[in-house]
């Protein structure tokens, strides 16, 4: 018996909305149900490309289209109202990160999702990056140090803090590598914003977890090139992860010695280098959409998904609140 496709609509016709629409339309088990955006030109461009209808608002969408789920890819300050409306109408929703930039509002949305038994997912797309998945699968001992650099050139379209725009991805990754049961015992941060602006463009922070490991995270929208790198140190290995090139290099130091030769002293080290095979199951955004489809169908536990969403938002809130 053939499997019916999940009909998923997209609210927001910007860059991420367009990418989500493409991912849904190209998915084996998903079908694009419609587009909503106040910018009718952008909405019509996406609708024309994928031969779907543009709706004026959520009520019209739900009244005139069959919808199994919605991707919410509008500006952050509109997330709370729309997501609450969808959840109250029992519509699963994938919310682009952050869920909201107000921690109490984020808690309220996640609590509502639990009370109504409605799946909610956040756009932590790096969870589906094959390089991260490969490195985590290779870990067989606790980590000591997680380091990340997520830098980009200036982005005038973005009005959210760099903490919620970029840094939150690596906060979430640090939790994945440490084990999500770990609590943060200290958050130290320094943020920078241009003169006359109320939006942080650079954020560096250090997190300490209750397993005594630390995470050093750097995010910037003032760089001259795009950098997405993670390094993870354990007792015996260093995992060097390039998220853009989607590769992992593992280093294991096996010998270091001081060598005396003809009256001179030198240092010598020997390191084993391994470059594991990365299994590419698909574009991370497509894998994320597949996961959302599985949540919609009840094929995976959405309560476990909800459990993973609050902590990265709480830490992001602390990074902003505790900035020196």
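The values are calculated or read from the model by the stated rules, or taken from the named source; none is laboratory data. All values reported here derive from a predicted model rather than from experimental measurement. Neighbour counts are summed over all protein chains in view; Cβ atoms, including those assigned to glycine, are modelled from backbone coordinates with ideal geometry.
Some points to look at:
- For residue 22, the conditions (1) under 19 Å from the mean Cα position of the chain (by Cα); (2) over 18 Å from residue 121 (Cα atoms); (3) in contact (Cβ under 8 Å) with a residue 40 or more places away in the chain all hold with the exception of (3).
- Selection of region 128-143 for residues being in contact with a helix residue (DSSP H, G or I) (Cβ under 7 Å, 6 or more places away or on another chain) and surrounded by 19 or more Cβ atoms within 10 Å (Cβ to Cβ) yields 128, 129, 132, 143.
- Residue check, residue 286 touching a helix residue (DSSP H, G or I) at 6+ places or on another chain (Cβ under 7 Å) and either surrounded by 10 or more Cβ atoms within 10 Å (Cβ to Cβ) or touching a residue at least 40 places away in the same chain (Cβ under 8 Å) (or both): yes
- Only listed residue being part of a loop (DSSP other than H, G, I, E, B) and farther than 15 Å from residue 145 by Cβ, chosen from 189, 197: 197
- Filtering region 225-275 to residues that are in a loop (DSSP other than H, G, I, E, B) and under 32 Å from the mean Cα position of the chain (by Cα) leaves 225, 226, 235, 236, 237, 243, 244, 245, 246, 275.
- Any chance residue 222 is outside any strand (DSSP E or B) and in contact (Cβ under 8 Å) with a residue 40 or more places away in the chain: yes
- Every residue from region 79-95 that is crowded, with 19+ Cβ neighbours inside 10 Å and assigned to a loop (DSSP other than H, G, I, E, B): 91, 92
- Pairs, first modelled with pLDDT of 95 or more in region 58-73, second surrounded by fewer than 20 Cβ atoms within 10 Å (Cβ to Cβ) and not in a helix (DSSP H, G or I), C-beta under 6 Å, six or more apart: 67/7; 68/7
- Filtered residue count, region 99-127, keeping only those that are touching a strand residue (DSSP E or B) at 6+ places or on another chain (Cβ under 9 Å), crowded, with 16+ Cβ neighbours inside 10 Å and more than 20 Å from residue 8 (Cβ to Cβ): 2
- So residue 47, is it buried (at least 19 other Cβ atoms within 10 Å of the Cβ), touching a strand residue (DSSP E or B) at 6+ places or on another chain (Cβ under 9 Å), assigned to a strand (DSSP E or B) and at pLDDT 95 or above: no
- The set of residues in region 66-78 that are assigned to a loop (DSSP other than H, G, I, E, B) and within 21 Å of residue 41 (Cα to Cα) comprises 73, 74, 75.
- Residues that are touching a helix residue (DSSP H, G or I) at 6+ places or on another chain (Cβ under 9 Å) and either within 14 Å of residue 143 (Cβ to Cβ) or at pLDDT below 95 (or both) within region 201-216 comprise 207, 209, 211, 213, 215, listed in sequence order.
- Meets criteria (under 29 Å from residue 72 (Cα atoms), surrounded by fewer than 20 Cβ atoms within 10 Å (Cβ to Cβ) and free of Cβ contacts under 8 Å to residues at least 12 places away in the same chain) for residue 156: yes
One line per residue, one yes/no per condition, for (1) touching a strand residue (DSSP E or B) at 6+ places or on another chain (Cβ under 6 Å); (2) over 21 Å from residue 8 (Cβ atoms):
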residue	(1), (2)
249	yes, yes
253	yes, yes
286	no, no
292	yes, no
299	no, no
313	no, yes
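- Any hit, region 164-185, residues being at pLDDT 95 or above and more than 14 Å from residue 312 (Cβ to Cβ): no
- Enumeration of residues in region 291-304 that are in a helix (DSSP H, G or I) and modelled with pLDDT of 95 or more: 291, 292, 293, 294, 295, 296, 297
- Against the conditions (1) assigned by TED's automatic domain parsing to the domain that holds residue 172; (2) closer than 23 Å to residue 281 by Cβ, residue 152 satisfies every one except (2).
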